[in-house]
Amino acid sequence: MSFHRFRSAVALAVLAIGAGLVPLTAAAQECKPVVAVAPSELVEAGKLTFTTNPTLPPMQYVDSSGKLLGMNIDLGEEIAKRLCLKMNFVRMDFQAQAPALRGGRSDGIHTGMFWTEERSKAMFLVPYGLTGLDLVAAPNKKVVLASADELNGLAVGVEADSYMERWLRDRQKANEAKGAKPLRIQAFPTTADAMAALRAGQVDLIAPPDYTGKDYVRKGQASMVLASQGGTPTAMAFRSRPLAEAISTVLNGMAKDGSYDKLFDKYGVTKLPDRPFAIRGPGPN
């Protein structure tokens with residue numbers, strides 16, 4: 001092949017490659033966010049960085065191949081897509097997530113965290129669902145209770161520093177006030193650890209969030225004793241008010257177009273009845 005022919009062939013190849021890239025570049029530039037998020041509100045420009053603790057199926061968990069799955073994961077991906085950002089989930093124990101948020105190492109906490117007044121003063125909380133707790137036993141163990149008032153004397157495992165632990169301690173105080181035999185609460189780092197203790201016979205019951213309790217029962221890993229006790233909003237947490245407001249806008253858009261209902265119905269999770277979605281609480285000073 002002559003030099004001129006070779007040069008022409010190369011030029012045509014370059015043009016062909018360039019032509020192939022044009023649609024991709026154009027597609028990338030065509031993404032119009034529901035609401036613009038300034039790069040200064042993010043840990044890393046172009047990315048939405050959330051921490052999550054993947055120990056609570058079906059909300060967030062890791063499959064046998066190590067892939068991160070669950071409703072919260074799907075919801076995070078959809079939010080990032082509507083903001084024209086790349087979703088970046090960082091796996092982290094729950095106790096470390098608030099310090100990471102305050103330290104500017106993440107944009108938000110998205111792990112099914114329960115709303116509390118105390119937390120609403122330390123972070124910008126956006127409730128997005130409603131969760132209670134289930135009391136479940138090992139599948140081969142029969143425990144019959146008419147109500148939570150009959151938990152006297154039982155050992156119950158629960159995730160430490162959680163809504164479920166606080167609910168149990170309130171029951172414990174109420175029972176003790178009646179002179180009943182005390183409830184024995186054993187707190188564990190994660191719900192998965194509490195489940196391991198149940199399998200090992202170290203506790204009589206565990207108190208996971210209701211979506212996780214029902215998932216354990218569905219998989220034959222536990223038997224239901226009392227379902228859907230209590231109830232409180234679950235929320236995402238943010239260090240930036242503008243980002244929290246942007247997330248609220250996205251959630252309201254998802255509710256309007258039906259994708260919020262579709263996602264929650266898919267996973268059997270209780271929807272937030274109190275709408276529109278918005279920051280609840282004063283946030284940090």
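Just so it is clear, none of the values below were taken in a lab; they were calculated from the coordinates. Computed from a prediction, not measured in an experiment: that's the story for all the values here. Reconstructed Cβ throughout: ideal geometry from the backbone, glycine too, with neighbour counts over all protein chains shown.
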Within straight cross-link reach of LYS266, meaning Cα distance under 21 Å, which lysines are found once same-chain residues fewer than 8 apart are removed? LYS67, LYS81, LYS214, LYS219, LYS256
In degrees from 0 to 90, rounded to the nearest 10, what is the angle of the helix 163-177 Cα long axis to the longest principal axis of the chain? 10
Among rounded, prolate and oblate, which fits the range 131-278 when a ≥ b ≥ c are the square roots of the eigenvalues of its C-alpha gyration tensor, a/c under 1.5 means rounded, and a/b larger than b/c means prolate? prolate
Describe numerically, in nm with one decimal, the distance between label points set 7 Å from Cα along Cα→Cβ at SER228 and at ALA160. 3.2
Tell me the angle of helix 71-82 to the major Cα principal axis of the chain, expressed in degrees between 0 and 90 and rounded to the nearest ten. 30
Express as a percent, rounded to the nearest 5, the fraction of DSSP beta bridges in the range 133-231 (both residues included) that run antiparallel. 45
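Please work out how much length the chain gains when fully extended from ASP274 to ARG169, using 0.36 nm per residue of separation minus the C-alpha to C-alpha distance, in nm with one decimal. All intermediate terms of the calculation are to be shown ahead of the outcome.
Working: separation 105, 0.36 × 105 = 37.80 nm, distance 2.69 nm.
This chain segment gains 35.1 nm when fully extended.
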The chain: antiparallel bridges as % of DSSP beta bridges, rounded to 5, reads 60
Counting pairs of alpha carbon atoms under 8 Å apart in space and at least six apart in sequence, what relative contact order in percent does the range 173-285 give? 15
Scoring the chain by relative contact order with C-alpha pairs under 8 Å, at least six apart, yields a percentage of 26
Give me the distance between the Cα centres of the range 224-285 and the range 125-195, rounded to whole Å. 24
What aspartates and glutamates does LYS142 reach when the alpha-carbon gap must be under 16 Å and sequence neighbours fewer than 8 apart in one chain are set aside? ASP134, GLU150, ASP204
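Let me make sure I get this right: for the chain, a, b and c are the square roots of the gyration tensor eigenvalues over alpha carbons, sorted descending. Under 1.5 in a/c it's rounded, otherwise prolate if a/b > b/c, else oblate. Which is it? Let's see the in-between values first.
Values: a/c = 2.83, a/b = 2.07, b/c = 1.37.
Judged from the Cα gyration tensor, the chain comes out prolate (a/c at least 1.5, a/b above b/c).
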Positive minus negative residues near MET123 (Lys, Arg vs Asp, Glu; Cβ under 9 Å): +4
Relative contact order of the range 218-282, pairs being alpha-carbon contacts under 8 Å that are 6 or more residues apart, as %: 32
List the aspartates and glutamates whose Cα lies under 12 Å from the Cα of LYS47, skipping any in the same chain that are fewer than 8 positions away. GLU77, ASP107
12 Å beta-carbon shell around ASP93, net charge (K/R +1, D/E -1): -2
Please list the non-local residues whose amide H lies under 5 Å from the amide H of MET87, H modeled 1.01 Å from N, same-chain partners needing a gap of 5 or more. LEU48
Under the Karplus relation with 6.51, -1.76 and 1.60 and θ = phi - 60°, whole-Hz ³J(HN,Hα) for the range 251-257, x at Gly and Pro, equal 4, 5, x, 5, 5, 5, 8
